[in-house]
Amino acid sequence: MTEDELRAAFARHEASTPPAGPVRAAIDRMAAVRRRRRQRVRAAGVALAVVGALGVGIPRFAPDRVPPESTTVAAPASQAPAGALNLLVLGLDTRSEEAPPLADSVLILHIPADRSRPYLISLPRDLEVDIPGFHRDKLNAAFAYGAGSTHPDRGKGYELTRRVVADLTGVRIDAGVVLTFTALRKVTDTLGGVDVCLPREVRSHHSRRVFAAGCQRLDGAASLDLLRQRYGLPDGALDRDRNAQRFAAGVVRRAGEQNVLTDPMKMSRLLAAVAPQLTVANGASVPDLLRVVPELSTADPVGLSLPVRWPEATGTRSTSRLRVDPRTAPAFLTALREDRLAQWVAANPDRVTR
């Protein structure tokens, strides 16, 4: 067929060609939706990865540590997990090889069924609890009792802590993460520092650092120094938990600004920093957890704390064992169990960490 014949054939069929405008508009709409989804995946994925001053990277899996009765986040490969999800996040301060590992950060990351936004709930390490098979002690000691002092087993330490938290709150724990403070330092330095906004000045009990009131960028060493501070703070360990939530929010913002999940080199550096110091329990995998990411409306977590009270006739608030507040905790825990934290927060705005 000659060029002239081809031109004539196109001319005969030109009238039946559909207009390009609607097709182009549909393509533009699809592109906009994908851009918004990529933005949500980037920000919310980082939130799930490092929220609460802890994180989820490419983990060392521990399939032999899965208790028979556990429920995991894992869903069919093509579907995201349905319903509300609760991830138990434990941070270990491992400064001394001789001392038993203590879970100095105990948090529940609650993702509501409507996927509106995550909630980061601090459980005070000094909370007095019943530890199955042992006795009443501080919450952070549950990990040490479970792990053992000789060749500590993080999986067993996590499992005993999970049982204590589940008994205390009545909440089903879908998956768990154990991360050392060393990994937090590496994550912070990999991100080039994290911006943390403090409501008041904090003076380090362990060094000569002074953390000014207001916003400041902290490197890994300074971040760990801040996360360890409780002496000299008005509410002791409770203020430390609040500062951990503020640090988590800074990590989320910093990682989002740097497009960590969309840059293979940056993601590789972050995973290399945290993987050796990370354990994922209950058999959950990162892909399982991240299937909920596109459904989240916002990645910014709401920081909350389990309502507690100080025992009567105690000394300094920095060392006392805490008790669950019988007046305010029941309503909070009911809202958590029934996936109604948004309504509880609306009725108790003063309980949100600012």
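Derivation of every value follows stated rules applied to the coordinates shown; laboratory data play no part. The model shown is predicted, which means the values in this text are computed figures rather than measured ones. Please note: Cβ atoms are built from the backbone with ideal geometry, for glycine as well, and neighbour counts cover all protein chains shown.
FRET efficiency for the Arg208 to Asp325 pair, using the beta carbon distance and R₀ = 35 Å, is estimated at 0.45. Computed from label points 7 Å out along Cα-Cβ, the spacing between Glu201 and Arg172 is 5.0 nm.
Going by the alpha-carbon gyration tensor, a ≥ b ≥ c the square roots of its eigenvalues, is the range 133-187 rounded (a/c under 1.5) or, if a/c is not under 1.5, prolate (a/b greater than b/c) versus oblate?
Values: a/c = 2.00, a/b = 1.26, b/c = 1.59.
Oblate is the answer for the range 133-187, as a/c is 1.5 or above yet b/c matches or exceeds a/b.
If the segment from Thr94 to Cys215 were pulled out straight at 0.36 nm per residue, it would be longer than the present Cα-Cα gap by 40.8 nm.
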